Amino acid sequence: MLLDRELVRADLVVDHGVITSISQDQARSRATDEIDATGKVVLPGVIDSHVHFREPGYTYKEDFLTGSRAAAAGGITTVVDMPNTEPPPDTLELFEQHRQLAAASSLVDFNHWAMPTKLGEIPRIANAGAVGFKFFMKSAHYPYDGPISLVNHATILECFRAIAATGLPCLVHPHNQMLWEHRVAAWSAAGKVSPDDWNEVTYGDEDVVETTAIAVVALLANAVGLRLRILHIQGQPQIRVVRMLKAARYDFVAETNPWAVFLIDPLARRAAGDEEANWEALRDGTIDLIGSDHAPHSRAEQEQAQQSSLQSVIAAYPLCEHWLSLYLTEVNRGRLPLARLSSLASETVARQIGLYPRKGIIRIGSDADLVVVDMDREATLGGSYPVFSKMGFTPLEGRKVRGIPVATVVRGEVVMRNLEVIGKPGFGKFVAPVRKEGGHGDL
């Protein structure tokens with residue numbers, strides 16, 4: 001069991017969903033239900049604060065029932081879904097409707113990122129218990145179309161100012177819209193519209209479309225005391241900018257995603273040296289936390305997008321059910337310490353979204369959110385370790401992993417056992433954060 005970032009042999013006692021005792025003397029207590037984790041590792045339940053469950057509006061791709069089922073299969077005990085839905089939760093009323101949809105069917109605990117594009121709604125949504133806000137700096141094809149983008153720097157600053165007053169964090173998908181539009185026009189005029197061309201448009205010239213945006217939002221957020229999280233950090237140029245800004249004491253949280261680290265996305269950057277740079281950033285603290293970016297699309301959408309223009313590229317990957325095992329495989333290979341992975345996936349996430357110490361740690365008084373891992377068990381993704389998402393397939397088909405979640409426990413209740421999801425729809429609860437003032441919190 002991982003206690004205080006050290007593996008120890010211990011027993012847990014849970015009462016009414018809360019850890020009430022941790023004993024290392026191996027004394028057996030009487031309980032109505034027991035989980036024998038002998039020979040396994042017990043970790044804090046994973047908190048995935050970057051999932052796209054597509055409800056409402058796109059439930060043919062995913063919904064809260066199927067998405068939370070995938071989460072439970074992957075050792076995830078709490079999820080926070082993204083607001084690029086239809087309609088997006090940009091008013092109090094729409095946020096409450098969003099919450100009600102999840103409450104009816106989620107197997108795991110949950111909250112939501114809201115869309116901050118209507119300034120007057122920001123304090124109302126914050127008071128309703130949202131963990132925070134998220135927007136895209138990119139305006140283009142789906143999933144970047146509609147009222148979900150902020151690209152004007154003056155507008156972004158005022159948005160940040162309004163969110164900062166609530167004490168909640170804001171997540172930003174960084175993107176330099178002016179550079180992007182210029183490059184798309186030039187490449188399209190030359191007839192270069194393939195996925196490889198998209199990669200060059202997005203990441204060419206030292207990744208300038210993304211790196212300039214990272215710098216802009218870090219400076220704007222710090223100017224008004226916003227608790228900022230910058231998404232999708234990947235590759236050497238982005239990592240260098242993040243290190244530079246942090247060294248200069250600009251205060252923000254950096255997130256990466258498994259599709260970048262494991263090169264799952266065919267559109268992800270693949271420059272020489274990027275893979276090891278990503279792992280070094282995970283180890284040395286340049287990257288603060290991990291989110292899956294669970295992004296389900298239909299197979300037809302994926303295939304069509306790969307043949308379309310620069311303005312309609314979609315990358316499809318279900319990751320909730322598999323990403324923990326991807327990282328555990330690398331832990332087994334010595335690439336990342338287990339305690340560091342747990343911090344990236346649980347404790348640091350809980351701290352940043354205001355759920356710590358209720359979530360993200362194994363200790364007396366915390367929710368009994370746990371994942372039991374068999375570090376020696378092997379499986380094949382898409383085969384013996386199936387896809388649970390409504391998407392129904394994975395680009396990782398056939399990939400071997402070693403290190404499998406064999407039980408997921410949410411507030412003391414087993415919702416997955418031996419890759420069989422047994423949780424009941426609607427068991428998951430909305431969990432509101434403890435709000436902070438300024439800074440990115442006690443990471």
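Where is the GNM fluctuation largest for the chain (alpha-carbon springs, 10 angstrom cutoff): Ser106, Ser139, Ser21?
With Cα springs under 10 Å in the chain, the top fluctuation among Ser106, Ser139, Ser21 is at Ser21.
Asp36 to Phe430: FRET efficiency via 1/(1 + (r/R0)^6), r the Cβ-Cβ distance, R0 30 Å, to the nearest 0.05?
Once the sixth-power term is evaluated, E becomes 0.40.
So, in nm, how far is label Asp4 from label Glu181 when the simple model puts each one 7 Å beyond its Cα toward the Cβ?
Distance between label points: 5.6 nm.
Determine which residues of region 190-220 fall in the zone a paramagnetic label at Arg240 would reach in this model, i.e. backbone nitrogen under 12 Å from the point 7 Å along Cα→Cβ.
205-208, 211
In what sequence, highest mean first, do 90-103, 407-420, 286-299, 6-19 appear when ranked by Cβ atoms within 10 angstrom? Kindly include the intermediate steps, with their values, before the conclusion.
Working: 90-103: 18.1, 407-420: 20.4, 286-299: 24.0, 6-19: 14.1.
Listed from highest to lowest mean packing, they are 286-299, 407-420, 90-103, 6-19.
Between region 122-148 and region 365-399, what is the C-alpha centre distance in whole Å?
Here the two parts' Cα centres lie 29 Å apart.
Over the chain, what is the relative contact order in whole percent, taking alpha-carbon pairs under 8 Å and six or more residues apart? Don't skip to the end; give the middle numbers.
Values: 1000 pairs, mean separation 105.8, N = 443.
This gives 24 percent for the chain.
Can you show me the helix-derived [θ] at 222 nm for the chain, built from DSSP H runs with n ≥ 4 at -39,500 (n - 2.57) apiece and divided by the number of residues, rounded to the nearest 500.
That calculation yields -9500 deg cm²/dmol at 222 nm.
So between Thr380 and Phe393, what do we pick up on full extension, going 0.36 nm a residue minus the alpha carbon distance? Don't jump to the answer; show the numbers that get you there.
On the way: separation 13, 0.36 × 13 = 4.68 nm, distance 1.30 nm.
3.4 nm is the gain from fully extending Thr380 to Phe393.
Straight distance only, please: which lysines reach the Cα of Lys359 with their own Cα at less than 26 Å, same-chain residues fewer than 8 apart left out?
In chain and number order, the partners are Lys40, Lys134, Lys424, Lys429, Lys436.
Among the lysines, which have Cα under 20 Å from the Cα of Lys61 when same-chain residues fewer than 8 positions away are ignored?
Of all the lysines, those that pass the test against Lys61 - Cα under 20 Å, at least 8 places apart if same chain - are Lys390.
Any idea how far apart Ala189 and Gln24 come out in nm if each label point goes 7 Å out from Cα toward Cβ?
That separation, rounded to one decimal, is 6.8 nm.
How far apart, in nanometres, would the label points at Ala103 and Leu119 be if each is projected 7 angstrom from Cα along the Cα-to-Cβ direction?
Label-label distance for Ala103 and Leu119, simple model: 3.1 nm.
Have a look at the DSSP beta bridges in the chain and tell me what percent are antiparallel, nearest 5.
That works out to approximately 50 percent antiparallel.
Sort region 43-421 into rounded, prolate or oblate with this rule: let a ≥ b ≥ c be the square roots of the eigenvalues of the Cα gyration tensor; rounded if a/c is under 1.5, and if a/c is not under 1.5, prolate when a/b is larger than b/c, oblate otherwise.
Rounded, since a/c falls under 1.5.
A short reminder: the numbers here are calculations on the coordinates, not readings from a lab. Quick caveat, the model's predicted, so the values are computed rather than measured. Note: ideal-geometry Cβ built from the backbone for every residue, glycine included; neighbour counts use all protein chains shown.
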